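Scroll down for the structure; my scribbles are underneath it.
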Amino acid sequence: GGQYGTTLRSSFSSRSQSNGVDPRASLYQPLAKKDFGTLKGSGWSSRSAVDLTPHKRMATISNGGLPKGRGYATGYAMSQATNTSPRPNSFHERTYRSRQNFDTLSLRSLRLGAGAARTIRAPAMRTLQRFQSNNRSRLSTGSFGNMQAVSQAGVGNSYMGMMEHNSRAPSVRSLAESSHHHLQDQRNMEMYNGHSTLLSHQSGGFDDIDLPSAVKYLIASDPNLQVLGAAYLQHKCYSDSNAKKQARSLQAMPKLVKLFNSPNQEVQRHATGAMRNLIYDNAENKLALVEENGIYELMRTLREPDDELRKNVTGILWNLSSSDNLKDRLARDTLEQLTDLVLVPLSGLGGSGVIQQNPSEAEIFYNSTGFLRNLSSASQQTRQKMRECHGLVDSMIHYVNSSLEVGKSEDKSVENAVCVLRNLSYRLYDEMPPSSLQRLEGHRRNNSGMVTGELVGCFSPQSKKAREHYLNADIVTFTEVSKDPKGMEWLWNPQIVGIYNRLLQRCELNKHTTEAASGALQNITAGDRRWAGVLSRLALEQERILNPVLDRVRTADHHQLRSLTGLIRNLSRHARNKDEMSTKVVSHLIEKLPGSIGDKAPPADVIVNIIAVLNNLVVESPMAARDIVYFDGLRKLFYIKKRRDSSDNEKSSRAAASLLGNMWQYTKLHRDFKMKGYRKEDFLGL
């Protein structure tokens, strides 16, 4: 009877976290014990940490690429594109702590699909046209000579009429590329399509200028020359990695940083635009920008009342945040100002309570939430700083809630915000302030640290009196905690379960948002803490979350199944009525299990999650055992038990063996077992 309690239950569990992972890194890369936040950086993603066997394994699933900021030299492409390699499935971290954590946390980050395309007019194009016009008049008077002619031709060639797909916007493209969509690299698209007549008259381009000259122009006294120098850098460094390296060696970085807060707005715009291209996919340039006091200057620039400039600044920040080695510093130096200047006002939190964003503000907010999404996948220290930053969590909650109220659950900033909340929920009960934890835990723990009233053996339910006692204690704490949440309190507040539930039900197209919502629920229901149980029962009994979750399971891909089955696993452990849960979930979960060599099998950690759910139910519900037999689960479980040809299959084999051992305890089912050709040795043998 007690076999499963000591064999399977204590041996695997899953948590989930979202991290910035380089799509080019190897798929299963062991991480050092303390380095789970320092995966080789590339942008925003969500990570699912899975505790398996005695080792706690954290599976980090890349969400996609880096938000790369192109300046508008090539069409205001703000996306940090990455290679078109498929997104990695998981990175694992092993820590050899013997902590028994029975559940699943989730922190996996999400990709965008191909997404709708929209054209964006280069923000500074009108200004450049004026610039050209001025240059022509100066040329006619001979005041600028050949240099101005170069400027005119160069500006015409690199800016006139550039339009691009939104796949270059700061994360859309990179995320899409790292999913299985493999978007074609947009660099080779016909960027000048439709403008051949114009360009034929101005075909000189930047041919008469070179990088050393452009860098010298940055320190010229004439702002027109500064614009020209920055524009050339912006153009040249769009896709030329050698140009980026050469520009750094020519000391372009400190010169551009000094122009971020130039008194001339066009100089500011072009200097920040050039910097976006210079740091795109270039870790050395990102570091150089930071070392030149670039973060401080960027935050000064962010105060300017110029949306185009603010789009560039937030795009640069999002770019920088894809480097893991910069995340902690970025969090330290930017969070409070970014929250006050962008997140609070643009989320609607600071004013009327309603989201009122013009298109530029929507992009600024999107860049900023992408930046937060990357940072939230970093270290525990950075997660803590984000949770504690006044207004940050409130802004995310308010934006998601308000978007749900007006039917905008598919919004990409909603996706970013839910990913941030998911990541900040990772290891929440371990990292929250001790005073808050004590308030949530009440007096339920005994001296050994074990939760009283938990299962002792396979079939030892709590007494009715004990259940009533804990139910009453839950209600008292629940009422107290529910009052007026502020800041990080939202992360464990009962109201957030309803928000995630509404996202699961209403978000039909953006599967990454729903995956993040299920991952966040997975995180706050994981582990043996009392509050994880309270929120699990709230989700099951008041929010009736099983049906929306099972609807997602039916159509989920393997990545979604990780967080969904992790959540169901947590719920099955904490559910009060195991019989009722069994009738709802057993058939759906058995359907996902492989039963023969030709079957399409989900990843091993999904199989282990499913078997854990079935076991959590079987140890208390005869109906679960009966349904496993009825829905052809025995054949599949014996197939999984016999599959031991890899380390992953070995884990699922052991899990299946433990479950089958517990199934044998139901003597009333022995006759059914024998009718299907199974003997006692099959159930109890290895």
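A few notes on this one:
- The alpha carbon convex hull volume per residue for the range 577-685 rounds to 89 Å³.
- Per-residue extension of 0.36 nm, minus the Cα-Cα distance of ARG300 and ARG671, leaves a gain of 125.9 nm for this segment.
- For the range 298-378, the alpha carbon convex hull comes to 80 Å³ per residue, rounded to a whole number.
- Shown here for the range 493-563: trypsin sites (Lys or Arg not before Pro) in loop regions (DSSP other than H, G, I, E, B) with at most 15 other Cβ atoms within 10 Å, namely ARG544.
- For the peptides 238-248, 350-360, residues were scored by their other Cβ atoms within 10 Å and the scores averaged per peptide; the highest-first order is 238-248, 350-360.
- Estimated distance in nm for a label pair at ASN577 and ARG329, the labels positioned 7 Å out from Cα along Cα-to-Cβ: 5.7
- Accessible area of PHE631 in the full protein assembly, 1.4 Å probe (Å², nearest 10): 90
- The range 576-583 - phi-based ³J(HN,Hα) in whole Hz, Karplus 6.51/-1.76/1.60, Gly and Pro as x: 6, 10, 5, 4, 4, 5, 4, 5
- Label-point gap, in nm, between HIS558 and ASN293 - each point 7 angstrom along Cα→Cβ: 5.1
- Computed from the C-beta positions of GLN251 and ASP484, the FRET efficiency with R₀ = 51 Å rounds to 0.45.
- R0 of 35 Å, Cβ-Cβ distance GLU508-GLU284: FRET efficiency to nearest 0.05: 0.25
- What the Cβ-Cβ distance of PHE631 and ALA362 gives, at R0 = 56 Å and to the nearest 0.05, is a FRET efficiency of 0.75.
- Full-stretch length increase - ASP307, ARG439 - with 0.36 nm per residue and alpha-carbon distance subtracted: 43.1 nm
- Considering only alpha-carbon pairs that sit under 8 angstrom and 6 or more positions apart, the relative contact order computed for the range 577-685 is 28 percent.
- Mean Cβ neighbour count within 10 Å, used as a protection proxy, ranking 290-296, 648-654, 401-407 highest first: 648-654, 290-296, 401-407
- Pairs from LYS642/LYS668; LYS258/LYS385; LYS578/LYS600; LYS600/LYS641; LYS385/LYS408; LYS483/LYS584 whose Cα-Cα separation, in the structure shown, is over 27 Å: LYS258/LYS385; LYS578/LYS600; LYS385/LYS408; LYS483/LYS584
- Integer Hz, Karplus 6.51/-1.76/1.60 couplings in order for the range 416-428, x for Gly and Pro: 4, 5, 5, 5, 4, 4, 4, 5, 6, 8, 5, 6, 4
- Derived scalar couplings between HN and Hα for the range 671-685 equal 4, 5, 4, 5, 5, 8, x, 9, 10, 4, 4, 5, 6, 9, x Hz in order, rounded to whole Hz, by the Karplus curve 6.51 cos²θ - 1.76 cosθ + 1.60 (θ = phi - 60°), x for Gly and Pro.
- Here the label points at ASP240 and ARG679, each 7 Å from Cα along the C-beta direction, are separated by 7.8 nm in the simple model.
The values are calculated or read from the model by the stated rules, or taken from the named source; none is laboratory data. All figures in this text were calculated on a predicted structure; none of them were measured in a lab. Glycine also receives a Cβ, built like all others from the backbone with ideal geometry; neighbour counts cover every protein chain displayed. The accessibility values were calculated without ligands, DNA or RNA, using every heavy atom of the protein model including side chains. Shrake-Rupley method; radii C 1.70, N 1.55, O 1.52, S 1.80 Å.
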